[in-house]
Amino acid sequence: MGLMKLLPITLLALVLAATLVRAAHVPEVLLNPSEWTANTEKDLYLSVKNSKGENIVKVEIMVPEASDGKPIYNIIAIAKPSGWKAEEWTKEGQTYKMVWRTDGVGIGVGETVEFGFTALSPESGEYEWSWKTTDVNDGEFPGESTTRVSAAPISYFNIFGVPEKTKAGNLLRITVKAYAEDDTVKTDYSGIVSFTSTDPRAILPSDYIFTSLDKGSREFLVTYKTIGDQTFTVTDWTSKITKQSIITNVEPGSAISITISPEGSEVSPGSSITFEAEGKDKFDNKFDVTGMTTWGIDSEAGGSWDKNVYTTEKEGIWTVTGIYNSVVDGTTLNVKSGVPPVTPPEEEEEEVPEEVPEEVPEEEEEEVIPVEPTAPLEEMNIECEDIVTMAPGSNETFIVTLNNVGTTDLTDVSLSTMGIPSEWITIYPFKITLEAGTSRDFLIVLSVPENETESRKIDLIATSTEGITTSRNIDLNLGAPPTGFVGISKNLLNLGIVIIAVAALVLIAWELWFRK
């Protein structure tokens, strides 16, 4: 009786098991290639193999989407294997899903079919594709494949907005763009760029680190100060990529003064004299403005002008004036009889002396008049200790004073160092304005690692927006680390001595006056 009850249950279980086995299919799915560079067009293949189960008759794949629901990859084309139909599902003109179907037998056990399509990769990152296979019994098998988009290495820079001609002091607004090997803008570029120029007085941007907001393109400001053909160069020292700008012909700025020559000349009546005018802009660029200068002389002097050549008439001491762009200069001209015309001296041929037997004359000591050298005009200087002594593994603080000894204010004055790693030193404040005739202090904090024992020379360099630079060297002596007590800086030691002295005075006062 028990066997009769078990028989229907056993048959039902066998039928269900057969149905499950018949419905199940197990695919092996690969998406190739799984990695390529950003912003490049690539042919992809979704390889589908049926390991076991019913034949696969439908394959679909979803394109990864951004947070706003838009497909991240741009699907350019979709291929159809023989015997299969292809469908593209789109929204807002972009493909977000691809489906392949067949009315034939499909993919049998052990068979493989590749479903191809062409896509344009986005920016670097990892992206997940969702796929699904369906068999003849509508049995579905979902899965996911990951593709990795790597950042294409930077290949070169391009510089835009550089003019072929400008005036000294004009602000140039230029753009630097970073490009990958595929000639597309490297939107994920995050390198550090430095600027140099053939103009030693040019105002250039400080070192800049590109950020994700720049998208590989950044605007900078450049100002040339020196006349002539000038260029600037952008360099990424880490990637060893450099780009020089086009040549810009820098013309003088507006003249702030002119100088007339010759000065204080003497000529006879009826003779001619040629005058010249030289302009100077605010950057001390000098340039000839003779042909653009309006010339004149006292009306009582008579005579006549032919451009910049004056023919004298009456005797007297007269004032010659030149006017260029509202800038005026003058000089005196003494017209009197008996002054010979100024003619260039004739060049005399040098006689080659005949060789005679050498006689060694007695040398007479000539009195040498010492000439004091003329020191360059100093605008800013640095005051600080000549030697800093500290133990490895400790900290030391000291003050550096900048003095503006010039007559103009200096802006964006900063202090930097060379000769030691940047992580050893902290400088505060970062930038200051240094008025003419004033001084400001910078606080320097040195932190030397314990394993450093070699003494070094530190170069302190101060610069300003106006191009004023000064420097000073100090010696960093690294002694043996302190033993038997905790190493502290000299400033903290001095502070401790003061605290102990004050405490001693308080105790003495207590004993003498307050204690009963």
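Tallying residues that are crowded, with 17+ Cβ neighbours inside 10 Å and either under 14 Å from Phe157 (Cβ atoms) or acidic (Asp, Glu) (or both) within region 192-205 yields 4.
Residues of region 291-334 that are in contact with a helix residue (DSSP H, G or I) (Cβ under 7 Å, 6 or more places away or on another chain), in a strand (DSSP E or B) and over 19 Å from Ala277 (Cα atoms): Gly316 alone.
Looking across region 384-413, the residues that are part of a strand (DSSP E or B) and either without any contact (Cβ under 8 Å) to a residue 40 or more places away in the chain or of a type in the set (S, T, N, Q) (or both) come down to Thr389, Asn395, Thr397, Thr401, Asn403, Asn404, Thr411. Can you tell me which residues in region 233-254 are in a strand (DSSP E or B) and touching an Asp or Glu at 6+ places or on another chain (Cβ under 8 Å)? If the condition is that a residue be in a strand (DSSP E or B) and touching an Asp or Glu at 6+ places or on another chain (Cβ under 8 Å), then Thr242, Thr248, Asn249, Val250 are the ones that fit.
Listed by first and then second residue, the pairs with beta-carbon distance under 9 Å, at least 6 apart or on different chains, first residue in region 138-158 and closer than 19 Å to Thr37 by Cβ and among the charged types (D, E, K, R), second at pLDDT below 90 and exposed (fewer than 15 other Cβ atoms within 10 Å of the Cβ), are Arg148/Ser34; Arg148/Glu35; Arg148/Glu126.
The residues of region 50-84 that are at pLDDT below 95 and charged (D, E, K, R), listed by number, are Lys52, Glu54, Glu65, Asp68, Lys70, Lys80.
Can you name the residue in region 87-122 that is part of a loop (DSSP other than H, G, I, E, B) and β-branched (Val, Ile, Thr) and is also farthest from Asp188 (Cα to Cα) among such residues?
Start the filter on region 87-122 by keeping residues that are part of a loop (DSSP other than H, G, I, E, B), which leaves 92-93, 102-106, 108, 110-111, 121-122.
Filter again for β-branched (Val, Ile, Thr), leaving 102, 105.
Numbers: Thr102: 42, Val105: 47 Å.
Once the filter is applied, the top-ranked residue is Val105.
Kindly evaluate Thr211 against the criterion of being out of contact with any helix residue (DSSP H, G or I) (no Cβ under 9 Å at 6 or more places or on another chain), at pLDDT below 95, part of a loop (DSSP other than H, G, I, E, B) and surrounded by 15 or more Cβ atoms within 10 Å (Cβ to Cβ). Criteria not met by Thr211.
Taking each residue of region 305-329 that is in the same structural domain as Thr294 (by TED's automatic domain parsing) and looking for partners that are charged (D, E, K, R) with beta-carbon atoms closer than 6 Å, six or more apart or interchain, yields Glu315/Lys336; Trp318/Asp298; Thr319/Asp298; Gly322/Asp329. Ser150 - would you say it is within 30 Å of Ile246 (Cβ to Cβ), hydroxyl-bearing (Ser, Thr, Tyr) and under 45 Å from the mean Cα position of the chain (by Cα)? No.
Do you know which of the residues in region 414-438 that are assigned to a strand (DSSP E or B) and surrounded by 14 or more Cβ atoms within 10 Å (Cβ to Cβ) is farthest from the chain's Cα centre (by Cα)? For region 414-438, the residue satisfying everything is Leu434. In this structure, does Ser190 turn out to be within 13 Å of the chain's Cα centre (by Cα) and either small (Gly, Ala, Ser) or not in a strand (DSSP E or B) (or both)? Yes, satisfied.
The values are calculated or read from the model by the stated rules, or taken from the named source; none is laboratory data. The structure displayed is predicted, hence computed values, not measured ones. Cβ: placed from backbone, ideal geometry, glycine included. Neighbour counts: every protein chain shown.
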